[in-house]
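Engineer: To start, I am sharing the structure in question, which I have written as structure tokens.
The values are calculated or read from the model by the stated rules, or taken from the named source; none is laboratory data. What you see is a predicted model; the values in this text were computed from it and never measured. Glycine gets a Cβ as well: all are built from the backbone with ideal geometry, and neighbour counts include every protein chain shown. All accessible areas refer to the heavy atoms of the entire protein, side chains included, with ligands and DNA or RNA removed. Shrake-Rupley method; radii C 1.70, N 1.55, O 1.52, S 1.80 Å.
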Amino acid sequence: MRQKVIAGNWKMHCTIPEARRLATQLTKRLDKKPAPKTRVIICPPSTALSAVSEVAKGSAVYVGAQNIAWEEEGAFTGEVSVKMIKNAGAKYTIIAHSERRKYFNETSNIINKKIKTALRNKVKVIYCVGETLDERQNNLTKDIVLNQMEWDLKDLEVTDLKNMMIAYEPVWAIGTGKTATPEQAQDVHSFIRDIVDTIFKGSPASKLSILYGGSVKPGNAEDLLSQPDIDGALVGGAALDAAGFHKIIQASEKVGKK
Ligand code: PEP
């Protein structure tokens, strides 16, 4: 059975007091026993990681960073290292979010180094892939995703996958209110599972959690999460509202085992 995951990417939102408030609202909602079977992860900005980790302590909520530097230490002004986010309580980090690829020119070479740096330091990775609207309209979705995975995951071992999950995030659906239909998302998720089994030996894909991201909301979560190869969601905008994010977690709890 694969781990169900609902992860919230808060992006560049929330001062420390705001982050503490949002995390508290969420942990209170998840307080009731039994604890959710879904792994709940929230990824605040790096300045709020410590504060949010304090709030999340003892709760069902795990904390993740949105990014790390590819180097572990050194003269890299403005960067935040894997050891720093780990020390601030992060157990996960998002890597290769499309906003990082687009606005910060993250290439496969950089992404590959970041994934290896995270895993070497025992921080789990939420690795993102996805095509732009232009690429989808030109029937290139699968070529793009295949290319991203082949290069971004270069030289990783099959055992690394135990500490990774993949998020399929069509760029045209992120923050736009447009969501991939459950069928469109399922089609790419199943393709991603096939690629994983092609790249790595031993059919590891059946155990790998693959999340969908792109305008997931309480109203569309259940339909998406019911698809056989969609194990969870990476949620941006809707993660900034504790009640709505909690509804997405409840949708995940509702859908059957995979
Ligand atoms: C994201 O930031 O990863 C994301 C999916 O954003 P949104 O849910 O707002 O589309």
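Engineer: State which residue is surrounded by the fewest Cβ atoms within 10 Å (Cβ to Cβ) when the search covers only the stretch 89-110 and only residues that are touching a residue at least 24 places away in the same chain (Cβ under 8 Å) and assigned to a loop (DSSP other than H, G, I, E, B).
Structural biologist: LYS91
Engineer: Still on this structure, please answer the following. Failed condition for LYS122, given (1) within 16 Å of the ligand (Cβ to nearest atom); (2) open to solvent by 10 Å² or more (accessible area, probe 1.4 Å); (3) in contact (Cβ under 8 Å) with a residue 40 or more places away in the chain; (4) in a loop (DSSP other than H, G, I, E, B), with all others met?
Structural biologist: Condition not satisfied by LYS122: (1).
Engineer: Just the residues that are more than 11 Å from the ligand (Cβ to nearest atom) and not hydrophobic (A, V, I, L, M, F, W, C), please, taken from the stretch 207-219.
Structural biologist: LYS207, SER209, PRO218, GLY219
Engineer: Looking only at the stretch 220-238, count every residue that is open to solvent by 40 Å² or more (accessible area, probe 1.4 Å) and within 13 Å of the ligand (Cβ to nearest atom) and tell me the total.
Structural biologist: Of the residues in the stretch 220-238, 1 are open to solvent by 40 Å² or more (accessible area, probe 1.4 Å) and within 13 Å of the ligand (Cβ to nearest atom).
Engineer: Which residue, of LYS86, LYS32, LYS37, is outside any loop (DSSP other than H, G, I, E, B) and open to solvent by 50 Å² or more (accessible area, probe 1.4 Å)?
Structural biologist: Just one listed residue meets the conditions, LYS86.
Engineer: Looking at the stretch 54-67, can you tell me whether even one residue there is farther than 19 Å from VAL123 by Cβ and without any contact (Cβ under 8 Å) to a residue 24 or more places away in the chain?
Structural biologist: Yes: one or more hits.
Engineer: From ILE174, ILE199, ILE195, which residue is under 18 Å from the mean Cα position of the chain (by Cα) and among the β-branched types (Val, Ile, Thr)?
Structural biologist: Among ILE174, ILE199, ILE195, only ILE174 is under 18 Å from the mean Cα position of the chain (by Cα) and among the β-branched types (Val, Ile, Thr).
Condition check ((1) modelled with pLDDT of 95 or more; (2) open to solvent by less than 40 Å² (accessible area, probe 1.4 Å); (3) within 16 Å of the ligand (Cβ to nearest atom); (4) more than 21 Å from PRO218 (Cβ to Cβ)) across all residues:
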residue: GLN3; (1), (2), (3), (4): yes, no, no, yes
residue: ASN9; (1), (2), (3), (4): yes, yes, yes, no
residue: THR15; (1), (2), (3), (4): yes, no, no, yes
residue: THR27; (1), (2), (3), (4): yes, yes, no, no
residue: THR47; (1), (2), (3), (4): yes, no, no, yes
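Engineer: On the given criteria, is ALA75 in contact (Cβ under 8 Å) with a residue 24 or more places away in the chain and over 25 Å from ILE195 (Cβ atoms)?
Structural biologist: Taking the combined requirement at face value, the residue does not satisfy it.
Engineer: Hey, THR107 hits all of (1) at pLDDT below 95; (2) of a type outside the set (A, V, I, L, M, F, W, C); (3) under 23 Å from ASP160 (Cβ atoms) but one; which does it fall short on?
Structural biologist: All conditions pass for THR107, except number (1).
Engineer: Additional query: Conditions first: (1) assigned to a strand (DSSP E or B); (2) open to solvent by 40 Å² or more (accessible area, probe 1.4 Å). GLN250 passes all but one, so which condition is the exception?
Structural biologist: It fails just one condition, (1).
Engineer: For the stretch 207-219: of the residues being open to solvent by less than 10 Å² (accessible area, probe 1.4 Å), outside any loop (DSSP other than H, G, I, E, B) and not small (Gly, Ala, Ser), which is farthest from CYS14 (Cα to Cα)?
Structural biologist: Among those residues, the one meeting the criterion is ILE210.
Engineer: For the stretch 160-206, what are the residues that are within 16 Å of the ligand (Cβ to nearest atom), open to solvent by 60 Å² or more (accessible area, probe 1.4 Å) and not in a loop (DSSP other than H, G, I, E, B)?
Structural biologist: Answer for the stretch 160-206, where residues must be within 16 Å of the ligand (Cβ to nearest atom), open to solvent by 60 Å² or more (accessible area, probe 1.4 Å) and not in a loop (DSSP other than H, G, I, E, B): just GLN184.
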